[in-house]
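The values are calculated or read from the model by the stated rules, or taken from the named source; none is laboratory data. Note that the structure is a prediction, hence the values are computed from the model and not measured. Note that we place each Cβ from the backbone using ideal geometry, even for glycine, and neighbour counts take in every protein chain shown. In case anyone asks, the SASA skips ligands and DNA or RNA and just uses the protein heavy atoms, side chains included. Shrake-Rupley method; radii C 1.70, N 1.55, O 1.52, S 1.80 Å.
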Amino acid sequence: MTTWNHRGSLFVVSAPSGAGKTTLCQRLASELENIRHSVSYTTRKPRKGEVNDRDYTFIDRDTFMRMVAADDFVEWAEVHGNLYGTSKNRIEEMIVSGVDVMLDIDTQGAAQMRKLRKAVCIFIMPPSMEVLRQRIDTRRSNSPDDIELRLRRATDEIREYKNYDYVIVNDRFEDALAGLNAIVTAERLRTERINPQWVKNFGI
């Protein structure tokens, strides 16, 4: 049976460290049908509670650079001294099969992605810098110097919000999640998502 929606969309989500983008993406993917959270590769060490191939695919720097040389990444960047990359094969297989892909990457990676392919770009904003600091402190996995580095970088990242299609302020998590859900739902109803073969079933 031919379905009305023949190809998935790519949703690119960025935010300063600590703004909650990964948690939002994972939660939406667990609650909304036909969307998956794409897992990025990273050389960063796992934080407490993180699971390999669920939160990130954790690899060493040599393996990462071999993947770069093999052109395995659609985008990659170095952030806070660690490397992060998005697998071409992972996202393309899902999109071709009609699955929407939620990709959470930093502003550098998002800029690369916008040049390479069409994507719906969403920026997650913290309610304030004070709240952002509190959230990073709560992790208790970052040194004081690392916290200050992340906050300085957050200022530069927030300036990039104007390059995105949507902005969500993550003050109350459930409200931010509802906003993210609304964006995905609306994008799914765009005319361009209609499969022409499905329309022919109406005798048109």
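Odds and ends about this structure:
- Residue-averaged [θ]222 nm for the chain, counting only DSSP H segments that reach four residues, each worth -39500 (n - 2.57): -12500 deg cm²/dmol
- For the chain, accessible area per residue (1.4 Å probe, heavy atoms of protein chains only), Å²: 55 Å²
- Here, segment 1-117 has an Rg and a Dmax of 14.3, 49 Å when only alpha carbons are counted.
- Cut-off under 5 Å, modelled amide H: who pairs with Val99 long-range: Gly8
- The trypsin sites (Lys or Arg not before Pro) of segment 34-135 that meet both conditions, a loop assignment by DSSP and at most 12 other Cβ atoms within 10 Å of the site Cβ, are Arg47, Lys48, Arg54, Lys118.
- Percent of C-alpha pairs per 5 Å bin, segment 76-194, short to long: 2, 9, 17, 20, 21, 16, 10, 5, 2, 0, 0
- Alpha-carbon Rg/Rh ratio, for the chain, with Rh computed the Kirkwood way: 0.99
- Greater than 30 Å apart at Cα, pairs in Lys21/Lys115; Lys48/Lys115; Lys48/Lys162: Lys48/Lys115; Lys48/Lys162
- Apolar share of the accessible surface for segment 30-156: 49 percent from carbon plus sulfur atoms, 1.4 Å probe.
- Antiparallel DSSP beta bridges within the chain, as percent of all bridges there, nearest 5: 35 percent
- 3J(HN,Hα) from dihedral phi, segment 82-98, Karplus parametrisation 6.51/-1.76/1.60, rounded to Hz, x for glycine, proline: 10, 9, 10, x, 10, 5, 4, 5, 4, 6, 5, 4, 5, 5, 4, 7, x
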